[in-house]
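**Student:** The structure is given below, and queries will be raised subsequently.
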Amino acid sequence: MFIPERIWPGIADGTRQKALVSRDEDPGAWRAAVYSDIPLTTQWDDGQHRGDGLGTQPTSSNSMPRMVFAMLADLGVRDGDRVLEIGTGTGWNAGLLAHRLGDANVVSVEYDPDIARTARENLRRARLSPLVVVGDGRLGHAGGAPYTRTIATCSVGEVPYSWIRRTADGGMVVAPWGTTYGGEAIARLTVVGGGVASGTFTRPSAFMRLRQQRTHRPPFEAYLRGKPWPADGERGTTSLSPAETGSWLAQFVIGLRVPAAFWRAERYEGGAYTLWLYGADTASWASADHVPGDTEFEVVQCGPRRLWDEVERAYGWWERHDRPGFERFGLTVSEAGQRVWLDDPGDSWAV
């Protein structure tokens, strides 16, 4: 009832999409994809993409069922709860909530008017009618506040404070959260009163970013400033393999400790690649060359920040704390901003 005629199936453990599947052209393949535990991309490039191929950026989807149900379990709704959802998408998640709690207790905010209209049609077909509002998800929806539960189906790097403000004391906010560097996990925050929400991460995730918080990364040319590589970089070596820093959890941890930085990989034959690190202000960059089987790796660093050194320190910090998983990290959000912590909310740092 909720999946459109044309979809681009994803994969269960990543963010890539496969070729278009059309219900008209191959109903068997379409149904198999719909009833698989995978995400389904339903829109590319904010609706500007045309044709059957992959677009540049996926911008709406029906999430992987296992993740949908896991997040609903994190949300822990009870009879009488009133839920605010950020990101309607196909309407399926809003429909599940409305089926559980009743239409009058679910409000869903969707930024894209076309997506919102289609979601309403899908919900009507399922004989459900939660309130679907077209608006800026960062602001929530004041009309139904306070909510006892707030859930986002898009990721954020900064939890909008309006979500905390519009959630009742003792209520829950569940949202995918990730850093600029990479990695992402589900934050499960309890509003503890005084305009503060705090809690731990529950599981890794990979969601499309809230549109107003998308990262716009400078081009490669902005860093070398017209000079041939290695430009003004200083050469060195490291015993830390760049491959060790590439897991979803390692990226998440590095992002918590190395602010305003991101990476990309330039790959070569035989499994070798260069890991490029960039400061968001374009003033600093670094490269680390990974060659399979090597124990020493060439590093070049340039600018006021020594980005590879920062990554090494973050990785070393993680190792000294016995490589904690997502569930040992936490997030506290207040009007003053957001802070992350490991095990102890009293020992936090700004992100």
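Computed from the coordinates by the stated procedures, all read-outs in this text should not be read as laboratory data. Everything quoted here is computed from the prediction, not taken from an experiment. All Cβ positions, glycine included, derive from the backbone under ideal geometry; neighbour counts span all protein chains shown.
**Student:** With θ set to phi - 60°, apply the Karplus curve 6.51 cos²θ - 1.76 cosθ + 1.60 along region 81-93 and write out the HN-Hα couplings as whole Hz, x wherever there is a Gly or Pro.
**Tutor:** Result, rounded to whole Hz: 5, 10, 10, 9, 10, 9, x, 6, x, 6, x, 5, 5.
**Student:** Mind checking Rg over Rh on the chain, alpha carbons, Kirkwood formula for Rh?
**Tutor:** 1.00
**Student:** What does the charge add up to near Ser60, with Lys and Arg as +1, Asp and Glu as -1, over the other residues with Cβ less than 13 Å from its Cβ? Numbers along the way, then the final one.
**Tutor:** Working: positive: Arg6, Arg117, Arg209, Arg211; negative: Asp45, Asp46, Glu110, Asp112, Asp114.
Local net charge: -1.
**Student:** State the answer as a single residue: which of Tyr268, Val291, Ala250 lies farthest towards the positive end of the charge dipole of region 209-314, with beta carbon charges of +1 for Lys and Arg and -1 for Asp and Glu, about the Cα centre.
**Tutor:** Of the options given, the answer is Ala250.
**Student:** In percent, what relative contact order does the chain have, based on Cα pairs under 8 Å that are 6 or more apart in sequence? Spell out each step's value before the answer.
**Tutor:** On the way: 748 pairs, mean separation 38.9, N = 351.
Worked out over the chain, it gives 11 percent.
**Student:** Further, regarding this structure: Modelling each spin label as a point 7 Å along the Cα-to-Cβ direction, I'd like the Arg264/Arg78 distance in nm, to one decimal.
**Tutor:** With each label placed 7 Å out from Cα toward Cβ, I get 4.9 nm.
**Student:** What distance in nm separates the two pseudo spin-label positions at Asp343 and Leu249, each 7 Å out from Cα along the beta-carbon direction?
**Tutor:** Modelled inter-label distance: 1.6 nm.
**Student:** If you take all C-alpha pairs in region 221-320, what percent of them are over 18 Å apart? It would help to have the intermediate numbers written out before the result.
**Tutor:** Numbers: 2183 of 4950 pairs.
Considering region 221-320, 44 percent of its Cα-Cα pairs are separated by more than 18 Å.
**Student:** Take the Cα radius of gyration of region 73-218 and divide it by 2.2 N^0.38 Å, with N its residue count; two decimals is plenty.
**Tutor:** Cα Rg divided by the expected 2.2 N^0.38 Å: 0.99.
**Student:** Between the helical axis of 307-320 and the dominant principal axis of the chain, each derived from Cα atoms, what acute angle in degrees is found, rounded to the nearest 10?
**Tutor:** That works out to roughly 70 degrees.
**Student:** Set the Förster distance to 45 Å, then compute FRET efficiency between Trp229 and Glu327 from the Cβ-Cβ distance, nearest 0.05.
**Tutor:** Working from the Cβ atoms, E equals 0.65.
**Student:** Quick one: Kirkwood hydrodynamic radius for region 6-62, alpha-carbon pairs, angstrom, one decimal?
**Tutor:** So the Kirkwood estimate lands at 11.4 Å.
**Student:** While we're looking at this one, here's another question. Add +1 for every Lys or Arg and -1 for every Asp or Glu among the other residues with Cβ under 14 Å from the Cβ of Val132, and state the total.
**Tutor:** -2
**Student:** I would also like to ask the following. I need the chymotrypsin sites (Phe, Trp or Tyr not before Pro) found in region 6-81, filtered to DSSP loop residues with at most 12 other beta carbons within 10 Å of theirs.
**Tutor:** Tyr35
**Student:** Taking the highest mean first, how do the peptides 130-137, 211-218 order by number of other beta carbon atoms within 10 angstrom per residue?
**Tutor:** 130-137, 211-218
**Student:** How much net charge surrounds Ser247 when only other residues with a Cβ under 14 Å from its Cβ are counted (Lys, Arg +1; Asp, Glu -1)?
**Tutor:** Net charge around Ser247: -3.
**Student:** Given Cβ point charges of +1 (Lys, Arg) and -1 (Asp, Glu) and nothing else, what value in debye, to the nearest 20, does the dipole of the chain about its Cα centre take?
**Tutor:** 980
**Student:** In addition: Summing -39500 (n - 2.57) over the DSSP H runs of n ≥ 4 in the chain and dividing by its residue number, what mean residue ellipticity at 222 nm do you reach, to the nearest 500 deg cm²/dmol?
**Tutor:** That calculation yields -6000 deg cm²/dmol at 222 nm.
**Student:** With a point put 7 Å past each Cα toward its Cβ, work out how far Glu158 is from Thr15 in nm, to one decimal.
**Tutor:** 2.0
**Student:** Sort 49-61, 304-316, 141-153 by the packing proxy (mean of other Cβ within 10 Å over each peptide's residues), most packed first.
**Tutor:** Final packing ranking: 141-153, 304-316, 49-61.
**Student:** Report the residue, chosen from Thr200, Thr42, Thr15, that carries the largest GNM mean-square fluctuation when the chain is represented by alpha-carbon nodes joined by springs under 10 Å.
**Tutor:** Maximum fluctuation in the GNM of the chain, among the listed residues, is at Thr15.
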